[in-house]
Amino acid sequence: MTSVSGSINSYDLDGVITLGITPGPDDIIITGRSFEEARETYRYLHSRGILNAVFFQPRPFASKTRESSGAHKGMLLQQLLHNGVRVEKHFEDDEVQKQEIEKLVDIPVVHLVHDLTEKENVRHPYEG
Ligand SMILES: [Mg+2]
């Protein structure tokens, strides 16, 4: 089900969705998590009933940085917008990544300011 305007929103995962914020049906998740972390990430999301498309960072976990995560998100948003996907805004908790995204795309990046989760690289367990 697409919204009336045909536009969607984009969500960071850690520090945004993990806080309890839930994306809408056609919204997308752009995470700084590495493709290597896909398994535990889908497990977590599916356990919460979140089935939205997830775009992982195409870098190994060990070489990620907050800057590379932000650049990944910005480049992906750029590609989507270029291809006609109407991404209205992105929700982000990391100010470093917000800056990187804003270098690449001209959409509002909604900054969720809190100290409840780490913004640095954290490895997530498989949880079974
Ligand atoms: Mg985050």
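Every number in this text was worked out from the coordinates using simple rules, so none of it is lab data. No experiment lies behind these values; they were computed from the predicted model shown. As a convention, Cβ positions derive from the backbone with ideal geometry for all residues, glycine included, and neighbour counts pool all protein chains shown.
Quick look at the values:
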read-out: Average Cα contact separation per residue, the chain, under 8 Å, 6 or more apart, as relative contact order %; value: 29 percent
read-out: Distant-in-sequence amide H partners of Val110 (H built 1.01 Å from N, under 5 Å); value: His90, Phe91, Glu92
read-out: Contour excess over end-to-end distance, with Cα ends at Leu51 and Asp106 and 0.36 nm allotted per residue; value: 17.1 nm
read-out: Neighbour net charge for Pro58 - beta-carbon separation under 14 angstrom, K R +1, D E -1; value: +2
read-out: Under 5 Å, built H, 5+ apart or other chain: amide partners of Ile8; value: Arg86, Val87, Glu88
read-out: Within region 1-105, chymotrypsin sites (Phe, Trp or Tyr not before Pro) in DSSP loop having at most 15 other beta-carbon neighbours inside 10 Å; value: none
read-out: Magnitude of the charge dipole, region 34-128, Cβ model with Lys/Arg +1 and Asp/Glu -1, debye to 20; value: 340 debye
read-out: Helical contribution to [θ] at 222 nm, DSSP H n ≥ 4, -39,500 (n - 2.57), averaged over the chain, rounded to 500; value: -9000 deg cm²/dmol
read-out: Order of Ile30, Ile8 under a 10 Å beta carbon neighbour criterion, fewest first; value: Ile8, Ile30
read-out: Vicinal HN-Hα couplings computed from phi for region 38-48 (Karplus, 6.51 cos²θ - 1.76 cosθ + 1.60; Hz; Gly/Pro x); value: 4, 4, 5, 5, 4, 4, 4, 5, 5, 5, 9
read-out: Exposure proxy order (Cβ contacts within 10 Å, fewest to most) of Leu51, Leu77, Leu45; value: Leu51, Leu45, Leu77
read-out: Packing-based exposure ordering (other Cβ within 10 Å, fewest first) of Asp26, Asp93, Asp14, Asp115; value: Asp115, Asp26, Asp14, Asp93
read-out: Amide H contacts of Ser34 (H built 1.01 Å from N, under 5 Å, at least 5 apart or other chain); value: Gln57
read-out: Spin-label proximity, Ser7 to region 54-88 - amide N less than 18 Å from point 7 Å beyond Cα toward beta carbon; value: 77-88
